[in-house]
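The values are calculated or read from the model by the stated rules, or taken from the named source; none is laboratory data. The structure displayed is predicted, hence computed values, not measured ones. Here the Cβ positions follow ideal geometry from the backbone for every residue, glycine too, while neighbour counts run over all protein chains shown. When the accessible area is computed, the model is the full protein with side chains, heavy atoms only, and any ligands, DNA or RNA have been set aside. Shrake-Rupley method; radii C 1.70, N 1.55, O 1.52, S 1.80 Å.
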Amino acid sequence: MSAEHILILIGEIGVTVGLFYGLFNYLFKNSFNEAIDPLKNAVNALSDNVTNQTKILEKSLQQIEDIEREVNGHETRLQLLEHERTDK
């Protein structure tokens with residue numbers, strides 16, 4: 001096989017691949033988008049839910065920390081009162 005035949009063969013393969021790629025893209029682009037859009041919407045909804053849950057958890061954690069501070073303050077007062085009672 002000469003170099004001309006190889007170049008012609010490569011050109012024919014290139015044109016064929018280009019035509020099939022263009023045809024495939026034209027025929028299946030809409031169905032691909034139709035399949036992907038619901039998935040994209042579901043992922044966005046999940047992302048929003050995770051963001052909301054994170055905010056709720058942060059708020060709950062802050063409430064727990066506030067309660068722990070309050071309880072620690074009460075325990076300290078009780079210990080002081082018990083200590084004063086034992087000193088008398």
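Selection of segment 14-41 for residues being of a type in the set (Ser, Thr, Tyr) and open to solvent by 100 Å² or more (accessible area, probe 1.4 Å) yields Tyr21, Tyr26. Among the residues of segment 42-63, is there at least one that is over 26 Å from the mean Cα position of the chain (by Cα) and open to solvent by 90 Å² or more (accessible area, probe 1.4 Å)? Within segment 42-63, one or more residues are over 26 Å from the mean Cα position of the chain (by Cα) and open to solvent by 90 Å² or more (accessible area, probe 1.4 Å). If the condition is being exposed (fewer than 10 other Cβ atoms within 10 Å of the Cβ) and either in contact with a Gly (Cβ under 8 Å, 6 or more places away or on another chain) or not hydroxyl-bearing (Ser, Thr, Tyr) (or both), then segment 78-88 contributes His83, Glu84, Arg85, Asp87, Lys88.
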